[in-house]
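Below is one structure, written out as structure tokens, with a few remarks after it.
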Amino acid sequence: MGRRSFLRSGAAAVATAAVTAAAGTLLTSREAEAANRIAPPRQISLLNTHTSERLTAEYWSRGRYQRDALRAINKLLRDHRTDTVYPIDPELLDTVHALQARIGTKTPLHVISGYRSPESNEFLREVGSGVARSSFHMRGMAIDIRAPGMDTRMIHRAALRLRAGGVGYYPQSDFVHMDVGPIRTW
């Protein structure tokens, strides 16, 4: 579990404990754990712009990440150039889920880039600009997205408010980069 995921789950437990304490009782650690298990499920909805594959998946429920949903997400976010599937960091999925909730969209986010193999990353570095040599895409920790019918500036602002990692704004290409690395912006 990453630092931010740990903090989020701890914050949920603290919030539950605060509500319970306000009612005059304190939660035991077992009760806090049970409260976390009944926390609302997390779902994301994505469309891969290169393969036209769509997926709406409940990737976290009953207090844990769902293995089959994670596999399906990994496949959808694979490197479309090499067809390489790589595990996507669940913390990134939590960030995408939080973004979808913040912008209030039920329609799939359009994925421009998910996982990127080292070969694809190097190819993109050679033909373009703005591609990091050791991109978080190569570690399954980054995603480039847009939301159809929504101003990309609004998505960018919402992503910044999450304070969950790196956020890049590419208005000419109409997408926002999000990663779960250090908090930074460009």
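The values are calculated or read from the model by the stated rules, or taken from the named source; none is laboratory data. As the structure is a prediction and not an experimental result, all values here were calculated from the model. Every residue, glycine among them, receives a Cβ derived from its backbone with ideal geometry; neighbour counts consider all protein chains shown. Each accessible area value is taken on the protein alone, full model and side chains, heavy atoms only, with ligands, DNA and RNA left out. Shrake-Rupley method; radii C 1.70, N 1.55, O 1.52, S 1.80 Å.
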Going by the conditions given, is Asp144 assigned to a strand (DSSP E or B), free of Cβ contacts under 8 Å to residues at least 40 places away in the same chain and surrounded by fewer than 21 Cβ atoms within 10 Å (Cβ to Cβ)?
yes
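For (1) on the phi > 0 side of the Ramachandran plot; (2) crowded, with 19+ Cβ neighbours inside 10 Å; (3) touching a helix residue (DSSP H, G or I) at 6+ places or on another chain (Cβ under 8 Å), each residue gets a yes or a no:
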{"residue": "Leu70", "(1), (2), (3)": "no, no, yes"}
{"residue": "Lys75", "(1), (2), (3)": "no, no, no"}
{"residue": "Arg78", "(1), (2), (3)": "no, yes, no"}
{"residue": "Arg81", "(1), (2), (3)": "no, no, yes"}
{"residue": "Val85", "(1), (2), (3)": "no, no, yes"}
{"residue": "Asp94", "(1), (2), (3)": "no, yes, yes"}
{"residue": "Ala101", "(1), (2), (3)": "no, no, no"}
{"residue": "Thr105", "(1), (2), (3)": "no, no, no"}
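Quick grid of which residues meet (1) over 15 Å from Phe175 (Cα atoms); (2) in contact with a Leu (Cβ under 7 Å, 6 or more places away or on another chain); (3) in a helix (DSSP H, G or I):
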{"position": "Ile88", "(1), (2), (3)": "yes, yes, no"}
{"position": "Glu91", "(1), (2), (3)": "yes, no, yes"}
{"position": "His97", "(1), (2), (3)": "yes, no, yes"}
{"position": "Ser120", "(1), (2), (3)": "yes, no, yes"}
{"position": "Val131", "(1), (2), (3)": "no, yes, no"}
{"position": "Ser134", "(1), (2), (3)": "yes, no, no"}
{"position": "Met150", "(1), (2), (3)": "no, no, no"}
Picking from Asp89, Asp179, the residue that is in contact (Cβ under 8 Å) with a residue 40 or more places away in the chain, among the acidic types (Asp, Glu) and open to solvent by 10 Å² or more (accessible area, probe 1.4 Å) would be Asp89
Qualifying positions in the range 94-124 - of a type in the set (A, V, I, L, M) and in contact (Cβ under 8 Å) with a residue 12 or more places away in the chain:
Val96, Ala98, Leu99, Ile103, Leu109, Val111, Ile112
When Val127 is evaluated against the numbered criteria (1) exposed (fewer than 13 other Cβ atoms within 10 Å of the Cβ); (2) of a type in the set (Val, Ile, Thr); (3) closer than 20 Å to Ile155 by Cβ, which criterion, by number, is the only one it fails?
(3)
